[in-house]
Amino acid sequence: MNTRLNLKPFIAGLAVIAIAACTNPKIETAQNLDIQGQGAAAEAAREYKRLAHFENQVMWDNASAIAFSEKAIAAANGEPLATPTGSASTNSDIVAAYQTLNAMRAQGGDQIAPKATGQAIARLDCWNEQSSEGFQPRDIAFCKDGFREYVTETATALKAAGKDISGIVPDLKSFNVTFPLGSTMPAVGSNATLDEAAAFAARHKNMRIVLGGHADKSGSRAINQRLSQARADRIASMLRARGVAEAQISTIGFGETYPRIVTPDGQRSKGNRRVEIVIGPDKFLLP
């Protein structure tokens with residue numbers, strides 16, 4: 001008696017399913033997108049495209065692949081973030097996450113931290129999509145943790161730019177040091193502030209430190225951009241000398257774009273020649 005199974009029909013069936021998934025017009029359109037630019041929408045589009053490919057080719061989840069493909073196409077066209085959908089729209093954590101992210105975008109997150117904000121947008125929609133399905137806890141955790149990490153990065157960058165986000169994220173600690181005109185060495189008396197910032201970071205585990213360098217409007221935009229980055233880099237060096245790990249620190253030079261005190265072009269302002277030291281957890285918002 002021949003007990004060997006004839007697997008050809010089964011294999012052929014799988015091939016038909018795979019081909020059908022690959023040839024969905026929305027999935028094809030998304031995978032053929034040539035996404036240009038470094039803005040938040042472009043970054044979100046790239047992540048949606050990657051998620052759609054994963055769902056289509058690895059998970060064979062046609063519905064999720066189509067959903068992410070639609071979002072990739074929309075993001076590539078610059079369309080704004082949607083609201084939570086499906087059964088996840090009643091999840092209070094997800095609803096609060098959308099509200100928080102949209103509030104950060106209203107404060108300038110797309111411009112100040114485009115890569116982090118774009119990733120946060122895509123990972124939040126991913127969290128929403130996977131939670132609506134409700135049967136892939138590992139995928140839900142991947143999307144949720146990714147969102148928390150990237151939205152924290154957006155928040156700290158906003159704070160380092162000098163934005164008041166205390167009503168959105170209350171648990172960010174900030175310090176401020178100023179600089180003499182044209183100098184990359186902080187003003188006299190800054191050592192005490194740097195000591196306090198380093199001590200705060202040492203007392204709390206898993207701290208993220210973002211240094212936002214700024215300049216006043218007394219020079220050209222190009223010079224002020226370089227000066228602001230040099231100031232942030234100088235403070236990074238001084239914090240490392242105080243025991244802060246290099247891996248915890250990131251720097252951003254904002255030039256004269258986000259003044260603390262609004263002045264006419266060409267006017268000197270000590271308050272605007274500064275570095276904002278922002279310290280917060282690696283991830284926040286949700287347990």
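Read-outs throughout are calculated quantities, based only on the coordinates presented, and are distinct from any laboratory measurement. Being a predicted model, the structure only gives us computed values, none of them experimental. Cβ: placed from backbone, ideal geometry, glycine included. Neighbour counts: every protein chain shown.
As a proxy for reagent exposure, 151, 188, 169 were ordered by neighbouring Cβ count within 10 angstrom, fewest first; the result is 188, 169, 151.
Using Cα pairs under 8 angstrom and six or more residues apart, how large is the relative contact order of the chain, in percent? Here the relative contact order equals 17 percent.
In whole percent, what relative contact order does segment 52-124 give with Cα contacts below 8 Å and a gap of six or more residues? So the answer I get is 19 percent. Helix 137-160 versus the longest principal axis of the chain: what angle, 0 to 90°, nearest 10, using Cα atoms? Computed tilt is about 20 degrees. Residues 204, 214 in ascending order of nearby Cβ atoms (within 10 Å, fewest first): 204, 214. What angle do you read, to the nearest 10 degrees and between 0 and 90, between the alpha-carbon axis of helix 62-76 and the longest principal axis of the chain? Value to nearest ten degrees: 40. Helical runs (DSSP H, four residues minimum) scored at -39500 (n - 2.57) apiece and divided by the length of the chain put the mean residue ellipticity at 222 nm at -17500 deg cm²/dmol. Taking each residue as 0.36 nm, the span from residue 92 to residue 57 lengthens on full extension beyond its C-alpha to C-alpha distance by 9.4 nm. Each principal axis of the Cα cloud of segment 18-160 was taken in turn, and the coordinate range along them, longest first, works out to 48, 33, 20 Å. Highest mean packing first, where packing is the average number of other Cβ atoms within 10 Å per residue, the peptides 218-228, 106-116, 238-248, 65-75 line up as 65-75, 106-116, 218-228, 238-248. If the Kirkwood radius is taken over C-alpha pairs of segment 173-281, then at 20 °C and 1.002 mPa s the Stokes-Einstein diffusion coefficient equals 156 µm²/s. The ranking of 59, 104 from fewest to most other beta carbons within 10 Å of each one's beta carbon is 59, 104.
The modelled label-to-label distance between residue 263 and residue 34, using points 7 Å beyond Cα along the C-beta direction, is 4.6 nm.
Take every pair of alpha-carbon atoms less than 8 Å apart whose residues are at least six positions apart; their mean separation over the length of segment 118-227 yields a relative contact order of 19 percent. In degrees from 0 to 90, rounded to the nearest 10, what is the angle of the helix 221-240 Cα long axis to the longest principal axis of the chain? On a 0 to 90 degree scale, this one is about 90. Taking every Cα-Cα distance in the chain and sorting them into 5 Å bins from zero, the calculated P(r) comes out as 1, 6, 11, 13, 14, 13, 11, 9, 7, 6, 4, 2, 1, 1, 1, 1, 0, 0, 0, 0 percent.
Hey, got a sec? Which chymotrypsin sites (Phe, Trp or Tyr not before Pro) in segment 86-163 land in a DSSP loop and have at most 15 other Cβ atoms within 10 Å? Counting only loop positions with at most 15 other Cβ atoms within 10 Å, the chymotrypsin sites (Phe, Trp or Tyr not before Pro) in segment 86-163 are 135.
Each semi-axis of the equivalent ellipsoid for segment 103-179 is √(5λ) with λ an eigenvalue of the Cα gyration tensor; in descending order they amount to 28, 12, 10 Å.
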